[in-house]
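Step one of this worksheet: look at the structure below.
What follows is calculated from the coordinates using simple rules that are stated; it is not laboratory data. Everything quoted here is computed from the prediction, not taken from an experiment. Reconstructed Cβ throughout: ideal geometry from the backbone, glycine too, with neighbour counts over all protein chains shown.
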Amino acid sequence: MDLSNLQPAVGSVKRKTRIGRGPGSGKGGTSTRGHKGAKSRSGYSRKIGFEGGQMPLQRRLPKFGFKNINRVAYKAINLDLIDALAEAKNLQKIGLDELRAAGYVNRNQLVKILANGAVKRALTVEANAFSAAAQAAIEAAGGSINKI
């Protein structure tokens with residue numbers, strides 16, 4: 001056996017059916033598309049959500065709610081996480097750079113500090129927003145906040 005006499009297995013390769021090539025082929029005339037209708041025409045593509053003329057699901061269901069285009073999405077960071085980070089790395093100031101380096105926020109995320117947990121040391125915390133309770137807790141521990 002060599003490359004000059006290789007052949008596919010018997011029955012594994014089938015001839016392509018040529019449709020629309022006259023009545024003698026058995027596939028002429030309507031070219032296996034049936035008679036009339038959108039599916040028999042060239043260029044037909046079914047619309048997304050089309051259900052054969054039945055009212056589509058997205059039109060049967062009621063509309064509700066809205067997207068607020070002015071919404072600002074913040075990444076929530078709690079005080080217990082800030083305190084643990086300050087204790088682990090022995091930091092006096094925690095800002096966006098420290099949170100990014102620790103892997104808590106991405107480059108483009110805005111940060112809001114929330115008051116879950118407690119701060120045991122005086123820290124300078126820098127973020128885009130603070131909850132009122134978080135601000136009070138940081139200042140009660142002798143620290144300060146810096147809104148960016």
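Relative to its residue count, region 57-96 spans a Cα convex hull of 146 Å³ per residue. The alpha carbon centroids of region 55-73 and region 103-147 are separated by 35 Å.
Net length available on complete extension from Ser144 to Leu91 is 17.7 nm, with 0.36 nm assigned per residue and the Cα-Cα distance removed. Per residue, the convex hull spanned by the alpha carbons of region 2-81 comes to 413 Å³. In this Cβ point-charge picture (+1 for Lys and Arg, -1 for Asp and Glu), the chain has a dipole of about 1960 debye about its Cα centre.
Using the Kirkwood radius over C-alpha pairs as Rh, can you work out the diffusion coefficient of the chain via Stokes-Einstein at 37 °C, viscosity 0.692 mPa s, in µm² per second?
Details: Rh = 22.7 Å.
Translational D for this selection: 145 µm²/s.
Name the residue farthest towards the positive end of the dipole of region 74-147 from the options Leu79, Ser131, Asn108, assuming +1 on Cβ of Lys and Arg, -1 on Cβ of Asp and Glu, about the Cα centre. Farthest towards the positive end: Asn108. According to the Cα-based calculation, Rg over Rh for region 74-147 is 0.91, with Rh computed by the Kirkwood formula.
Other residues whose C-beta falls under 15 angstrom from the C-beta of Ala122 contribute a net charge of -1, scoring Lys and Arg +1 and Asp and Glu -1.
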